[in-house]
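The values are calculated or read from the model by the stated rules, or taken from the named source; none is laboratory data. Keep in mind the model is a prediction, meaning the values are calculated, not measured. Here the Cβ positions follow ideal geometry from the backbone for every residue, glycine too, while neighbour counts run over all protein chains shown.
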Amino acid sequence: MMLQYIIEMDKTYHMSTFGSRIPAAFTHGEGSILYDSNGKAYIDFLAGIAVNSLGYNHPRLTEAIVSQAGKLLHCSNLFYIEAQAKLAKLLVENSCGSKVFFCNSGAEANEGAIKLARKYFSSKGMYKYEIITAYNSFHGRTLAALAATGQKKYQEPFQPMPEGFRHVPYNDLTALEQAVTENTAAIMVEPIQGEGGIIEGTMEYMQGVEEICRDNGLLMIVDEVQTGTGRTGKLFGYEHFGIQPDIITLAKGLGGGIPIGAIIAAGEAANAFEPGSHGSTFGGNPLACTAGLAVMETILEDGFLESVEQKGKLFKEGLINLKNDFGFIKDVRGKGLMLGMELDESIPGKAIVNKAFEKGFIINCAGHNTLRFVPPLIIKEDEIKQLLDALREIFAEIQP
């Protein structure tokens, strides 16, 4: 089908929530490479926004999905589901959690975590409902997740927001401590603010958040929707800080492209939900959990995470070299294969995204005019070097 016809259909029949999209329609992929309807190849450094963790047509993931599709796509959670039980076991055995609930997205996982925190205290006869989050955070687009998100630009069209959310500056422990009230139930934090522009939590901050939670009897929720499933070079982002959260939320890369989200809870919080207090029609279905198993088993193989860490260091060093050569690059941030390059406001990030696309590279721009790089975890070192060379050419062309 011709691209222009697809675009016309989209504009006629699909709600314009995504605005004017980049004019391409992809037909297939292999490894870290996507091919559009004209046959042009692109090296993908976006991975469906940190979703396609194993890239495209990964043998293990593809075989698992095809095999399961020929058996059973979905059945109700009224029955036991083998793949669901196996994936829950694998997540618990490789995290600080003890029980898991499956849903379909990051927003759902964060909504569920908010409910779990409130339920935990209500079960104890305590009226604690407030969730403290950070400015510049992003926790999803459903109403409660949006209220937790610390960015007014996303909230303003949908006022009034649900009550019970307080926002404080990121990496500011004093402000966080001052925001705690007798009604506070939990603090929700991202190890790295992804949509906010790849802003890293410091060691002092992340450990301080845990300490404030422990000192005040609060639950610590770590939003790992973007940082989880190997993205930062460790299975979970919280592992970089030597902390043990009470609740972890996952989605994006967990299914390698199949929608799945998860809430992992530890200790007493893991038992707060009771029959009827939460649920999901599609969450944890056989297809999604089979995909999640294939992704997790691959990531947990010997050397996989070490490879992500090594490629991340190579990538970050290359970005830092560019920063040293071009004065309009303000900062380079991130861990593993979740990296950002902040540009001066005089250089529009979207223009760089478009120029990279013309050269056959897919990247995007997140908060603070930051180029975001979240490629498939199986990206090759040579492909990283190709992007670095292309960025150097683009930057040389636009050097003020």
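A few notes on this one:
- Residue match in segment 150-168 (condition: in contact with a Pro (Cβ under 8 Å, 6 or more places away or on another chain), within 30 Å of Leu319 (Cα to Cα), not assigned by TED's automatic domain parsing to the domain that holds Leu337 and not β-branched (Val, Ile, Thr)): no
- Glu108 vs. criteria touching a helix residue (DSSP H, G or I) at 6+ places or on another chain (Cβ under 9 Å) and either surrounded by fewer than 23 Cβ atoms within 10 Å (Cβ to Cβ) or more than 23 Å from Ile263 (Cβ to Cβ) (or both): no
- Being of a type in the set (Val, Ile, Thr) and surrounded by 24 or more Cβ atoms within 10 Å (Cβ to Cβ) holds for only one residue in Ile212, Ile248, and it is Ile248.
- Cβ pairs under 7 Å, 6+ apart, first in segment 96-117 and in the same structural domain as Asp223 (by TED's automatic domain parsing) and farther than 12 Å from Asp223 by Cα, second among the polar types (S, T, N, Q) and assigned to a helix (DSSP H, G or I): Phe102/Gln84
- Matching option when the condition is in a helix (DSSP H, G or I) and either within 20 Å of the chain's Cα centre (by Cα) or surrounded by fewer than 16 Cβ atoms within 10 Å (Cβ to Cβ) (or both), among Leu305, Leu287: Leu305
- Some residue of segment 29-38 being of a type in the set (S, T, N, Q), more than 24 Å from Gln226 (Cβ to Cβ) and assigned to a helix (DSSP H, G or I): no
- Helices (runs of 4 or more DSSP H) wholly inside segment 90-159 containing at least 3 residues that are charged (D, E, K, R): 106-122
- Scope segment 342-363; condition in contact with a helix residue (DSSP H, G or I) (Cβ under 6 Å, 6 or more places away or on another chain), assigned to a strand (DSSP E or B) and touching a residue at least 40 places away in the same chain (Cβ under 8 Å); matching residues: Phe361
- In segment 299-326, the residues that are free of Cβ contacts under 8 Å to residues at least 40 places away in the same chain and assigned by TED's automatic domain parsing to the domain that holds Leu371 never reach a residue that is surrounded by fewer than 13 Cβ atoms within 10 Å (Cβ to Cβ) and among the acidic types (Asp, Glu) with C-beta atoms less than 6 angstrom apart, at least six apart or across chains.
- Selection of segment 237-271 for residues being closer than 23 Å to Gly340 by Cα, over 11 Å from the mean Cα position of the chain (by Cα) and in a loop (DSSP other than H, G, I, E, B) yields Gly256, Gly257.
- Residue satisfying all of: in segment 205-258; polar (S, T, N, Q) and touching a residue at least 40 places away in the same chain (Cβ under 8 Å); nearest to Cys289 (Cα to Cα) among these: Thr229
- Residues (in contact with a strand residue (DSSP E or B) (Cβ under 9 Å, 6 or more places away or on another chain) and in a helix (DSSP H, G or I)) located in segment 308-341: Glu309, Gly312, Phe315, Lys316, Leu319, Ile320, Leu322, Lys323
- Criterion: modelled with pLDDT under 95, assigned by TED's automatic domain parsing to the domain that holds Asn104, surrounded by fewer than 18 Cβ atoms within 10 Å (Cβ to Cβ) and not hydroxyl-bearing (Ser, Thr, Tyr) - qualifying residue of Gly267, Gly217, Gly276, Gly242: Gly276
- Qualifying residue in segment 220-229 (condition: more than 23 Å from Val92 (Cβ to Cβ) and β-branched (Val, Ile, Thr)): no
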